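J.: Quick one: this structure, given as structure tokens, is what I'll be asking you about.
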Amino acid sequence: MTFIKLTEASSLYNDLEKKSTRELLEDMNAENRKVIPAVQNALPRIEELVERIVPRMQQGGRLFYIGAGTSGRLGVLDASEIPPTFGMPPTCVIGLIAGGDTALRSPVENAEDDAEQGWKDLLQHHINAKDTVVGIAASGATPYVTGALRIARQQGILTAAISSNPGSPMAAEADIPIEMIVGPEYVTGSSRMKSGTGQKLILNMISTSVMIKLGRVKGNKMVNMQLTNRKLVDRGARMLTDELPVSYEQARALLLIHGSVKMAIEKFKEAGNADDNDAL
């Protein structure tokens, strides 16, 4: 099968500089509507990946995202949200980007072209067979990512790839290729647009589904979130008033004593509603 980079195909629109602001926005919004069906078509592969990640993480495995440019930044972003949202340690989901942390803000010349560095970066984290590596590259041909997946798979590590081109070299190196085909970008080759949007959706789905399966959500609430600001303390207190026969003030105190909604509920119930109430 011939590898064709749809992400490099010419935009379906032309003379963009001659369009009004409203025309630009309408056109871009029309293109964005193509992302949801593309993600929908990829759901069976995403499901397979989540189902295989969960038992590995239950045994102490970790989830690695690895990418370059926009793709790498999105992986780092998703990984960085896991501790505050689900109360997991930062070593549970790890995002790696070609060029290191410097590349989060500024491009690092030729970093994505090094086919050996991705695996070296994974080795820095003592990667092992319980872990999962998800490569992210709109083109599906980024050497930094493809090389890392190739060696990881050879080492018996579960691998997946998220790309926007069918039949890519990166997909060939993955146990689970996730192909989200959104077509040419509005600005030719600018995969930070539709491809980036779709990648963000898929990464959210993977990490959130995994965390739910690992018991980090109760009902529909983030009961393990970190209490890093007043807004989150207030949210947690209101969650407690929904779950326990306590006032808002009591709930807030319980929350600050025990550090999370889940722990506050467990300790309250263990105490038979007595010890904590006496303390309050």
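The values are calculated or read from the model by the stated rules, or taken from the named source; none is laboratory data. Because the structure is a prediction, the values reported are computed rather than measured. Here the Cβ is made from the backbone with ideal geometry for all residues, glycine too, and neighbour counts use every protein chain on show. Side chains are part of the model used for accessible areas, which takes the heavy atoms of the whole protein and leaves out ligands, DNA and RNA. Shrake-Rupley method; radii C 1.70, N 1.55, O 1.52, S 1.80 Å.
J.: Which one of THR7, PHE86, LEU203 has its Cα pushed farthest toward the positive end of the charge dipole of the chain, where Lys and Arg give +1 and Asp and Glu give -1 at the Cβ?
T.: Highest projection toward the positive end goes to PHE86.
J.: Anything over 31 Å Cα to Cα? Flag those among LYS5/LYS221; LYS200/LYS221; LYS5/LYS213; LYS34/LYS120; LYS120/LYS221; LYS194/LYS262, in the order listed.
T.: LYS5/LYS221; LYS5/LYS213; LYS34/LYS120; LYS120/LYS221; LYS194/LYS262
J.: Might you tell me the accessible area per residue for segment 1-58, computed with a 1.4 Å probe and given in Å²?
T.: 71
J.: Over segment 122-280, with the other protein chains present, what is the accessible area per residue in square angstrom, probe 1.4 angstrom?
T.: 43
J.: Between beta-carbons, use under 9 Å as the cut-off and find the net charge around LYS218, counting Lys and Arg +1, Asp and Glu -1.
T.: In short, +2.
J.: Name the residue from ALA115, LEU24, GLY147 whose Cα lies farthest towards the positive end of the charge dipole of the chain, charges +1 on Cβ of Lys and Arg and -1 on Cβ of Asp and Glu.
T.: Going by the charge dipole, the pick is LEU24.
J.: What shape does segment 137-214 take by its C-alpha gyration tensor, where a ≥ b ≥ c are the square roots of the eigenvalues and a/c under 1.5 counts as rounded, a/b above b/c as prolate, and the rest as oblate?
T.: oblate
J.: First select every other residue whose beta carbon is under 13 angstrom from the beta carbon of GLY61; then total the charges, Lys and Arg +1, Asp and Glu -1.
T.: Computed value for this residue: +3.
J.: Roughly how big is segment 93-242's charge dipole about its Cα centre, with Cβ charges of +1 (Lys, Arg) and -1 (Asp, Glu), in debye to the nearest 20?
T.: 1000
J.: Show me the GluC sites (Glu not before Pro) within segment 89-124 that DSSP assigns to loop and that have at most 12 other Cβ atoms within 10 Å of their Cβ.
T.: Qualifying residues, ordered by number: GLU109, GLU116.
J.: Using the crude model of +1 on Lys and Arg Cβ and -1 on Asp and Glu Cβ, and no other charge, please compute the dipole size for the chain relative to its Cα centre, in debye to 20.
T.: 420
J.: Express the carbon and sulfur contribution to the solvent-accessible surface of the chain as a percent, rounded to the nearest whole number, probe 1.4 angstrom.
T.: Using a 1.4 Å probe with all protein chains present, the chain comes out at 49 percent carbon and sulfur.
J.: From the helices alone, meaning DSSP H stretches of at least four residues, give me the mean residue ellipticity at 222 nm for the chain, per-run term -39500 (n - 2.57), in deg cm²/dmol to the nearest 500.
T.: Counting only the DSSP helices, I get -15000 deg cm²/dmol.
J.: Springs between alpha-carbon pairs under 10 angstrom, Gaussian network model over the chain: which of ALA161, ALA148, ALA264 fluctuates most?
T.: Among ALA161, ALA148, ALA264, the largest GNM mean-square fluctuation belongs to ALA264.
J.: Using only alpha carbon pairs under 8 Å that are at least six residues apart, calculate the relative contact order of the chain and give it in whole percent.
T.: It rounds to 21 percent for the chain.
J.: Out of THR241, SER168, SER260, whose Cα points farthest toward the positive end of the dipole of the chain (charges: +1 Lys, Arg; -1 Asp, Glu; placed on Cβ)?
T.: Working it through, the farthest residue towards the positive pole turns out to be THR241.
J.: If contacts are Cα pairs under 8 angstrom and at least 6 residues apart, what is the relative contact order of segment 181-280 in percent?
T.: Over segment 181-280, the number comes to 17 percent.
J.: Quick one: the Cα spread of the chain along its three principal axes, in angstroms, biggest first?
T.: 70, 51, 35
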